[in-house]
1. Projecting each Cα onto the charge dipole of the chain (Lys/Arg +1, Asp/Glu -1 at the beta carbon, about the Cα centre), which of Asn164, Phe378, Val283 comes out farthest on the positive side?
2. Take the Cβ-Cβ distance between Ala152 and Glu29 as r, set R0 to 22 Å, and report the resulting FRET efficiency rounded to the nearest 0.05.
3. Would you mind working out the accessible area per residue for the range 294-400, using a 1.4 Å probe, and quoting it in Å²?
4. Counting only the heavy atoms of the protein chains, how much of Cys228 is accessible to a 1.4 Å probe, in Å² to the nearest 10?
5. Work out the length of the dipole vector of the chain about its Cα centre, built from +1 on the beta-carbon of each Lys and Arg and -1 on the beta-carbon of each Asp and Glu, and round it to the nearest 20 debye.
6. Can you order the peptides 64-76, 359-371 by their average number of other Cβ atoms within 10 Å per residue, highest first?
7. Quick check: with the 1.4 Å probe, what order do Arg391, Arg145 take by accessible area, largest first?
8. Restricting to bridges with both residues inside the range 35-155, how much of the DSSP beta-bridge set is antiparallel, in percent to the nearest 5?
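The values are calculated or read from the model by the stated rules, or taken from the named source; none is laboratory data. Predicted model, so just to flag it, every value in this text is computed and none were measured. With ideal geometry, Cβ positions are generated from the backbone for all residues, glycine too; neighbour counts draw on all protein chains shown. Heavy atoms of the whole protein, side chains included, go into the accessibility calculation; ligands, DNA and RNA do not. Shrake-Rupley method; radii C 1.70, N 1.55, O 1.52, S 1.80 Å.
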Amino acid sequence: MSKKAVKRESRKASRKSSTSARPNSSSREHDKFFLQRALELASKGIGLTSPNPCVGAVVVDSKGRVIGEGSHTFEGIKHAEVLALEQAGDPARGATLYINLEPCSHQGRTAACADAVIAAGVRRVVACMQDPNPLVAGKGFERLRNAGVSVASGILQEEAKVLNESFAKYIRQHTPLITLKSAMTLDGKIAPTPGELHPPAALGGGGASGGWITSAVARSHVQELRHCHDAIMVGVGTIIADDPLLTDRSGLPRRRPLLRVIVDSRLRLPPESRVVKTAKDDVLVLCSFAEEKRKRELQDQGIRVEQVPVGVGDGRPDMTQIARRLGTMEITSLLVEGGAMINGAALASGVVDKVFLYYAPKILAGTGSVPFAIGPGFAHMSDAAYVKAIRLHRFGEDFGVEGYLRDPYAE
C-alpha cells in the first residue's frame, strides 16, 4: 500500500470517528481508528526500512488520548513500539498499544520489543497482523499473553499485509518480491513498430510519433511505484533502444539508492548510456558470458558486473538465480520494467509474484508493433499465468491492473 493510499484510509476513519461519539476503548471501531493511524505511521517507513518491515505504533491511555507515537526506520534502529513507549513515558502503564505488526520476541539489532511492552506496563496490545518472520510468528503475542497483557489482532489485516508484502516474501524465502510492471495499449502493445521514434518506454511506455503510451498521471505513479521497491530491472535491449535513467524520481526519501539491475548476456551495455554515465555503485549488470576486457571497462566506470548461470536452453542469465543473488544483497523487492523479451522470460521462469499493468485507451494494431511479452509463452490455456486478487486503479483516462500470481505470505 502506498503512502497516499494509507492516508486516504486514515482520513476516512477520521471522518467516521468525528461524526459520532467516541466509542468505548473495547469497541472495534475505536480499535480500527487507532490502527489506521498506526498504518499511516508505518507507511512513513516506505523506502526507509528495508530489509526490515514498515511498522507504526500508537499508545493510547484509558481516556482515549494518544500519548505516544512511533514509526520505524532502519537507520533509526529503535522499533516503532519502543519509540512510542518512550514518548509516552510513565503514562504508558495501563495504556493500549496499537500497532500494525506483532511486536518481535527475539534479539536482533535491538532487544525483543515484546519485553519492552511488558516492562512499560501496557495493559492491552491491538495489532493488525502476526509477524510473518519465522523467528516471531506468534511468539511475540504468546509472550505478551503469558505476562498478562491482553492481545487482539486481525483488524485491518489485509491493508497491513499489503504494506509489508515484500518483507513477508523476503524473510520467508530469502528472495525479493518480484513485480512485473508494463505500460501498454488496449491491444497489449508496449511500443510501435521498431524504428519509429518514441521516448523511453521504461517511464511508462513509449508511443508512436514521439508520444507516450500512458498519461502524465500514470507516469507519475510509476515513480511512486519505483519508490516502493529496492531494485529495478531491465534487459540491455531497453537500454540500447530507450536510454532510460531507471531512477526513483518521486522526490520521496529513501535509505539506499534504487539498485538498477541490467540483464546483459554478452555485455553490450553502451558506455555512453545514461545509466553508465550516472552510475554510483548503484548499477548491477548480470551477464552470462563476461569478456574480461569489457568487464574491466565497465567496472572502471563504476558498474558492478557479475556472471550468473544461464537458463535452460536460451543462453541468458537464469531468472531464478538472479532472484537468489538479489536476496543475498538484502533486496526485498524488485520491479521488472523491461521490454517484451525480459517480460516473457520473467513470466516463463515463474519468478514473478505480482503484476502492475498500465493501460491507455489506445490501439496500435499492426503486426510490427511490439507485444507485451515474447518468447515461447505457455503451451496451453491451463498453463497460463493466472492473476488473482485483482485491484483496478484509475489514472485519468488510463487504468491499471494490479494482481498476484503468487501469495507473498504463502510458504
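1. Asn164
2. That pair, Ala152 with Glu29, gives E of 0.95.
3. Spelled out: the 1.4 Å probe surface of the range 294-400, per residue, equals 53 Å².
4. Approximately 50 Å² for this residue.
5. Computed charge dipole of the chain: roughly 1040 debye.
6. Packing order, densest peptide first, comes out as 64-76, 359-371.
7. These residues rank, largest area first, as Arg145, Arg391.
8. Here the antiparallel bridges make up roughly 50 percent for the range 35-155.
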